[in-house]
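Just below is one structure, and these are the notes that go with it.
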Amino acid sequence: MIKLLVELINASLCKRPLSVKVFEGATETVWQQCFDHALQQNVLAMTFSVMSSLPKELCPSFTLWAKWMAYEQEITNQSEYKRDVVKKIGSWLDEDGLSTTILKGFALSALYPNPNLREFSDIDIFSGENYDAVNTCFAKHGVPVRSVDGHHAYFKVDGISVEHHFAFTNTKVKHGLHRPETELQQLVLNSLRQTSVPGILFPCNEFMTVHVGNHAYGHFLQEKILLRHVIDWALALRQLSEQDAEKVGIIKGDTLWGKFTNTLTAIAIHQLYLPQSWFPKKELELAMSISTKQELRVWNDIINTGHTPKNSNSNLRRLNIAKRILKNAWKYKDYANISAKEMLLKNVAGHLKSKMRQLQS
C-alpha cells in the first residue's frame with residue numbers, strides 16, 4: 001500500500017508518468033488502504049489525476065475512483081473559495097493602506113505543480129508592526145478577534161478560520177524548546193514579495209523554509225507530522241538558491257530543530273524518492289549525516305501512528321496531548337534540549353499563568 005501511495009505522490013510532484021508495474025496485482029483492499037492513508041496524510045488531492053492515468057484494468061473500482069474524484073473536486077472548490085476570502089481580506093486592508101503577509105498553506109501551495117494539489121484548512125497571516133491596525137480593520141468589517149492564544153489571534157471570515165500571528169512559537173512557554181523565533185521575526189520583514197492580490201504579500205524564500213521546518217518540528221514533538229509536512233519541506237528547499245540555502249544553513253547551525261529538518265530531507269530522498277537535484281548541496285550533505293535508524297524511526301512515526309483524537313472539551317484534548325507528549329519521550333531525547341516531562345510541565349505552567357492573567361484583566 002505504501003509503495004502505491006509513494007509512487008502516486010512522486011509521479012504527481014515530479015510530473016512524470018506512473019510506473020505501471022507498481023500497481024500490477026493491487027487488490028481493491030490495497031487500493032482502499034491507499035485511499036485511506038492518503039486521506040489521513042492530507043495528500044489525497046494530489047494523487048487523483050495521476051491515479052486516473054492508469055490503464056482501466058489497474059485502477060481501483062469505479063466506486064472508489066468516483067469517491068477519490070469527488071474528494072479532489074471538493075478540495076479544489078474549497079481552495080478556490082479560500083482564495084476568494086484572501087482577496088476579500090486583501091481588499092479590506094488595501095482600502096486602509098495596509099497589507100499582510102500570507103503564511104503556511106496558502107503560500108506553500110504556490111510551490112506545488114498545481115496550487116490545488118496542496119490541501120490547507122485555515123488562512124495564516126502576519127502583519128508585523130501593523131498587527132493592531134489590521135485587527136482594527138477586520139473589526140470595522142464586522143470580523144472582530146474571537147480569541148487570542150500564545151502566538152496568534154483568531155477570526156472567522158465567511159466561515160473560514162483566519163489565524164493572525166504575532167509570533168511563530170508559543171509565547172506562553174518561557175525558556176522551553178530552542179526554536180528560531182528571533183530569526184523568523186527578522187526574516188519575515190525582509191524581501192517581502194508582491195502578489196497579484198492587493199494588500200497581500202508573500203514572505204521571502206528563506207523565511208518560508210525556516211518557518212516550514214520550525215512548524216513541522218513543533219507538530220512532531222507535540223503530536224506527529226504528516227507526509228504533507230515532508231513534501232512542504234522538500235518543495236521549500238527546492239526553491240532556494242545556493243545563496244539562500246547558505247543563509248538558512250547559518251540559522252539552522254547545529255540546532256536540534258535543524259537536525260530534525262535534516263531527517264525530513266533524508267526521508268524525502270530515501271522514502272519518497274524525490275530527485276536529489278531539488279536540494280541545495282549543503283542540505284544534501286546534512287541529510288547524509290542522519291543515520292538510517294533515525295530516519296526510519298521518524299518515517300515509521302509518520303506512516304504508522306495516528307493523530308490525537310479531537311475533542312470539543314479543550315481540557316480533555318489537553319490531557320490527550322499531554323499523554324501523547326509523554327509517549328513521544330524518544331522524540332525529545334533525540335531532537336530537543338529538554339525532556340518530554342520538562343516540556344509538559346512548562347506547557348502546564350504557561351497555560352495556568354495565561355489563565356490567571358485573563359482572570360485578572
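Leu184 fulfils the conditions (1) in a helix (DSSP H, G or I); (2) in contact with a Gly (Cβ under 7 Å, 6 or more places away or on another chain); (3) over 27 Å from Leu272 (Cα atoms) except for a single criterion, (2).
When each of Glu206, Glu183, Glu246, Glu242 is tested for being acidic (Asp, Glu) and under 18 Å from the mean Cα position of the chain (by Cα), the lone residue that passes is Glu206. Closer than 30 Å to Ser339 by Cβ and either in contact with a Gly (Cβ under 8 Å, 6 or more places away or on another chain) or at pLDDT 95 or above (or both), is that true of Gly213? Taking the combined requirement at face value, the residue satisfies it.
Looking only at residues in segment 112-136 that are surrounded by fewer than 21 Cβ atoms within 10 Å (Cβ to Cβ) and of a type in the set (A, V, I, L, M, F, W, C), the one that is farthest from His165 (Cα to Cα) is Phe120.
Given the structure, is Val148 free of Cβ contacts under 8 Å to residues at least 60 places away in the same chain, surrounded by fewer than 16 Cβ atoms within 10 Å (Cβ to Cβ) and either within 18 Å of Val197 (Cβ to Cβ) or among the β-branched types (Val, Ile, Thr) (or both)? So Val148 fits the description; yes. Where helices (runs of 4 or more DSSP H) fall entirely within segment 213-327, those with at least 3 residues that are farther than 24 Å from Leu117 by Cα and not assigned by TED's automatic domain parsing to the domain that holds Glu181 are at 242-252, 256-270, 281-288, 292-304, 314-327.
Checked against the criterion of being touching a helix residue (DSSP H, G or I) at 6+ places or on another chain (Cβ under 8 Å), over 30 Å from Gln243 (Cβ atoms), at pLDDT below 95 and among the hydrophobic types (A, V, I, L, M, F, W, C), the candidates Val145, Val134, Val188 yield just one match: Val145. For segment 311-344, a residue qualifies if it is of a type in the set (Asp, Glu) and either more than 16 Å from Trp257 (Cα to Cα) or at pLDDT below 85 (or both), and exactly one does: Glu342. Number of residues in segment 4-60 that are within 19 Å of Arg228 (Cβ to Cβ) and not β-branched (Val, Ile, Thr): the value is 26.
If you go through segment 191-204 and pick out every residue that is buried (at least 22 other Cβ atoms within 10 Å of the Cβ) and either at pLDDT below 95 or touching a Ser or Thr at 6+ places or on another chain (Cβ under 6 Å) (or both), you end up with 2. Scanning segment 151-169 for residues that are buried (at least 20 other Cβ atoms within 10 Å of the Cβ) and of a type outside the set (Val, Ile, Thr) yields His152, Ala153, Phe155, His164, His165, Phe168. The set of residues from segment 1-37 being free of Cβ contacts under 8 Å to residues at least 40 places away in the same chain, crowded, with 16+ Cβ neighbours inside 10 Å and among the small types (Gly, Ala, Ser) comprises Ala11, Ala26. Only residues that are under 29 Å from Ile9 (Cβ atoms) and at pLDDT 90 or above were counted across segment 107-131, and they come to 16.
The values are calculated or read from the model by the stated rules, or taken from the named source; none is laboratory data. Computed from a predicted model, the values in this text were never measured in an experiment. Please note: Cβ atoms are built from the backbone with ideal geometry, for glycine as well, and neighbour counts cover all protein chains shown.
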